[in-house]
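The values are calculated or read from the model by the stated rules, or taken from the named source; none is laboratory data. Keep in mind the model is a prediction, meaning the values are calculated, not measured. In this analysis, Cβ positions are derived from the backbone assuming ideal geometry, glycine residues included, and neighbour counts consider all displayed protein chains.
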Amino acid sequence: MHQEDLESAYQESHSKEMKMSYDLYLKVLFLFKVLTYFVLICWFWRVPVATISQRLVQPFGKLLSWRTGGTLNNHVMVGIIPWLILSTRVSKFVCRLLK
């Protein structure tokens, strides 16, 4: 009986260690994501990161071109902040579809 108690205690402590390790991993990953977004925003603040035909984004053109200057030759210049917001939302949507 004493051996079973030791094994149970060991498994419990191992489980707690794994959970703490996983929590630390998630915090570091989140911090890395925030830092990456911050660097991208600073780097591409007023630079368009993509151009899309104005007809494809008809009602949302001004929103997508926020801080990049608007349209040029019937193409919307997409700014970094809308790009990051859209790419994050799309990746979350795709992950939900794949589950």
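Does TYR22 qualify as being modelled with pLDDT under 75 and either among the hydroxyl-bearing types (Ser, Thr, Tyr) or closer than 30 Å to ILE81 by Cα (or both)? So TYR22 fails the test. Hey, does the range 25-37 have a residue that's of a type outside the set (S, T, N, Q), exposed (fewer than 11 other Cβ atoms within 10 Å of the Cβ) and either at pLDDT below 75 or not in a helix (DSSP H, G or I) (or both)? No - not one qualifying residue is present in the range 25-37. Considering (1) part of a helix (DSSP H, G or I); (2) surrounded by 10 or more Cβ atoms within 10 Å (Cβ to Cβ), the lone condition that ASP5 does not fulfil carries the number (2).
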